[in-house]
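Below: the structure, in structure tokens.
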Amino acid sequence: MKKLFLLIISMILFSSSVFAQGLIITNSQDWRDVYSVEIFGNLMEINTLFLTGQRHATIIHFSLPKTNIEIVSSSDDPYVVGFDTMLEGQGFDDVTEVAYDNVNLELARRLEGVNKFVVVDDSYGYNALAVASFASMADYYVLFADERTIGQVLDYLSNIDVQDVMIFGQTDRDVRDALQVYNPELINTGDRFDNNIEIVKRYLALRPTKQAILTNGEFIEQSLMDGFDPVLFIGKTNVPEQIQEFIKGSDIDIGILVGNELIGTATTIRRQVGISVFVKFAQGARTPGGSISAVEDLDKFSMPMYEFDFSIFSVFYNQATNYLEVTYRNNAEIANYFRSTISIFSGDQTLVVGDDGPVFIDGNEYKTIIYELELIESNNITAEFFTIFGESKKSLEYALQGSFRVEVITVFDQALINMTGLYYDTRAKAFFVEFENFGEVDAFVDVELVDIWVNGQLVTIGGDEIVVISAGKKGRIKASVELAEEDMNHRLNQQIDVKALYGQRENALIKVLRGTFEFKLKKADFVLYFLITVVVILFFLVLFKRRKKKEE
């Protein structure tokens, strides 16, 4: 506790220290503007601050030095209009304000002596934050680019003697193709924690250190950006395994946790990995106070993040099959993965079941997983869950815990289906999986296409909807995904693994069927096109004859 206390005090003192000459303040509600100014300031060795809200603009002057101040404002989305006049009214006489439509590119044009760049997609705020410390330390400027803005980025780079380009994280195909002229290094493992580890490795190769900053990639804070220490992502409520293993295999023995929201996760790191973890959670108060100096929260700027809404919907014990049937619910728009460990208590009996690996669940979907149980008695059954989940198979950074009373049911599922084929339709931009129901009851069916290579990474594609296939009938399920020609020709897509989930109950697809199919494009229906062409020609011939007859 003594080390923790001293670190907090030192952080408070540091936040109150006097700035060097020159200061840039960001006046924008757009995280990209704040981020760009922070990187620019680090590279140009200019002190920076950013507004976190309108009220912040009314108190920030208490902590400002009497130096020349430049305000970089968003043309469209500033926190305060006329912020320069507000500071002048507080006695600051060397204040200028500039307003930009694209702060990221405008500041790039002002760089001096910088010819190395990291390109990221601004749809993924955590990718930008992952590279910030490395970029500041190694003199890289971070450029935002997607399919709409890559032309502007190329125009800028064409006027620079570019030394190095790195593309980090998931980016549009157009961006990667356009930047090939610079022979860029591509860092994208398909997992944000693995990507983070890769950039930290490059940081440590240039500047070895035994200390790292810990965060979850959800906010900007100056110490995450300044380049003094590498930044490692930890989960919101769980530490992904690869982060634990990386720390164990490195020389890092001190972690600085920024913000007090992740103390629980940091405690997990200290216990499981064995490093010392300190917390930076406050700064000195900026408003005049009494004799006792108060503290304030750190200045943090929120980044875009995934919103998860994942829960356990129902828990049944099916006496007919000796299965525990757990239905999970994903109310979020995006897919995620989960993995459960379940402790079952029934009388004097205790059993533990769980998932062998991460399980995919699509956005706005229910998924029922069955676990085999041999219960001696089926009264007063309780299930205690520890479920971790996240956006990819290895990014299980959230934890869900709870205790549930298990309801006992007796249900036989008599659904029987076969998978008979698969093809990709370029016009529909979707796979279609074909089935036949050879059973005596209607079957609800959903599909997952596992590890499809799309735009440079492996993804799992869920069916667009659950389909009912009547007894004795055939049906198909659509799984939408846009494949470019290079995706269709990629070696990993020549064999498509399909997982079908089905059953008599729509919210309890407890049966699983797997199949592998060769990639096949839907062949054009030339007969149909021929008939349509003939009809069109006949129509114009008839129209021509009628017009000619009238002229005669």
I'm trying to understand the selection: among the residues of the range 229-249, which are over 21 Å from the mean Cα position of the chain (by Cα) and in contact (Cβ under 8 Å) with a residue 40 or more places away in the chain? D229
Residue by residue through the range 347-374, note down the ones that are modelled with pLDDT of 90 or more, of a type in the set (G, A, S) and within 21 Å of Q319 (Cα to Cα). G354
Quick check on the range 499-534: of everything there that is under 28 Å from R427 (Cα atoms) and assigned to a loop (DSSP other than H, G, I, E, B), which residue is modelled with the lowest pLDDT? D525
Could you tell me which of the residues A383, A428 is part of a strand (DSSP E or B) and either not basic (K, R) or not assigned by TED's automatic domain parsing to the domain that holds A320 (or both)? A383
Working only within the range 250-265, note down all residues that are under 26 Å from L206 (Cβ atoms) and either free of Cβ contacts under 8 Å to residues at least 24 places away in the same chain or touching a strand residue (DSSP E or B) at 6+ places or on another chain (Cβ under 7 Å) (or both). I252, D253, I254, G255, I256, L257, V258
Among the aliphatic types (A, V, I, L, M) and closer than 25 Å to I334 by Cα, is that true of I388? yes
Take F40 and tell me if it is assigned to a helix (DSSP H, G or I) and at pLDDT 90 or above. yes
Taking the range 323-347 on its own, how many of its residues are buried (at least 17 other Cβ atoms within 10 Å of the Cβ), over 30 Å from D464 (Cα atoms) and of a type in the set (F, W, Y)? 0
In this structure, does D253 turn out to be surrounded by fewer than 19 Cβ atoms within 10 Å (Cβ to Cβ), at pLDDT below 85 and not aromatic (F, W, Y)? no
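Here is a yes/no grid of residues against (1) closer than 15 Å to L513 by Cα; (2) surrounded by 21 or more Cβ atoms within 10 Å (Cβ to Cβ):
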site: G390; (1), (2): no, yes
site: S395; (1), (2): no, yes
site: Q414; (1), (2): yes, no
site: F432; (1), (2): no, no
site: V447; (1), (2): yes, yes
site: G475; (1), (2): no, no
Confirm whether V119 is of a type in the set (A, V, I, L, M), in contact with a helix residue (DSSP H, G or I) (Cβ under 6 Å, 6 or more places away or on another chain) and within 30 Å of L179 (Cα to Cα). no
List pairs: first in the range 74-96 and over 23 Å from Y35 (Cα atoms), second of a type in the set (D, E, K, R) and assigned to a loop (DSSP other than H, G, I, E, B), Cβ under 9 Å, 6+ apart or cross-chain? G91/K66; F92/K66; D93/K66; D94/K66
Complete set of residues in the range 400-454 that are of a type in the set (S, T, Y) and more than 13 Å from K478 (Cα to Cα): S403, T410, T420
Taking the conditions exactly as written (under 22 Å from the mean Cα position of the chain (by Cα) and at pLDDT 85 or above), does L262 satisfy them or not? no
Which one is surrounded by the most Cβ atoms within 10 Å (Cβ to Cβ) among residues in the range 131-169 that are polar (S, T, N, Q) and not in a helix (DSSP H, G or I)? T149
Just checking, which of I461, I496 is surrounded by 13 or more Cβ atoms within 10 Å (Cβ to Cβ), touching a Leu at 6+ places or on another chain (Cβ under 7 Å), free of Cβ contacts under 8 Å to residues at least 40 places away in the same chain and part of a strand (DSSP E or B)? I461
Inside the range 386-413, can you point out the residues that are part of a strand (DSSP E or B) and of a type in the set (V, I, T)? T387, I388, V406, V408, I409
Tell me the residue from E377, E397 that is closer than 24 Å to N216 by Cβ, at pLDDT below 95 and among the acidic types (D, E), please. E397
Kindly establish whether T350 is part of a strand (DSSP E or B), surrounded by fewer than 19 Cβ atoms within 10 Å (Cβ to Cβ) and touching a strand residue (DSSP E or B) at 6+ places or on another chain (Cβ under 9 Å). yes
From the residues in the range 54-91 that are within 17 Å of Q29 (Cα to Cα) and assigned to a loop (DSSP other than H, G, I, E, B), which one is farthest from the chain's Cα centre (by Cα)? G82
Cβ-Cβ under 6 Å, sequence separation 6+ or interchain: first residue in the range 170-190 and in a strand (DSSP E or B), partner of a type in the set (A, V, I, L, M) and surrounded by 14 or more Cβ atoms within 10 Å (Cβ to Cβ). Which pairs? E185/M166; L186/I167
Taking the range 206-227 and keeping only residues that are surrounded by fewer than 16 Cβ atoms within 10 Å (Cβ to Cβ) and not aliphatic (A, V, I, L, M), one is left with R207, P208, T209, K210
Selection from the range 479-493 of residues that are surrounded by fewer than 16 Cβ atoms within 10 Å (Cβ to Cβ) and either within 19 Å of N364 (Cβ to Cβ) or not basic (K, R) (or both): S480, E482, A484, E485, E486, M488, N489, L492
Test: E482 is at pLDDT below 95, part of a loop (DSSP other than H, G, I, E, B) and among the charged types (D, E, K, R): yes
Selection within the range 92-130 - over 29 Å from the mean Cα position of the chain (by Cα), not in a loop (DSSP other than H, G, I, E, B) and not basic (K, R): V95, T96, E97, V98, A99
Specify the residue that is surrounded by the most Cβ atoms within 10 Å (Cβ to Cβ); the eligible residues are those in the range 228-248 that are of a type in the set (D, E, K, R) and at pLDDT 90 or above. D229
Filter the range 296-355 for residues that are over 22 Å from E397 (Cα atoms) and within 26 Å of the chain's Cα centre (by Cα) and give the result. L298, D299
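The values are calculated or read from the model by the stated rules, or taken from the named source; none is laboratory data. These numbers were taken from a predicted model, which means no experiment stands behind them. Note: ideal-geometry Cβ built from the backbone for every residue, glycine included; neighbour counts use all protein chains shown.
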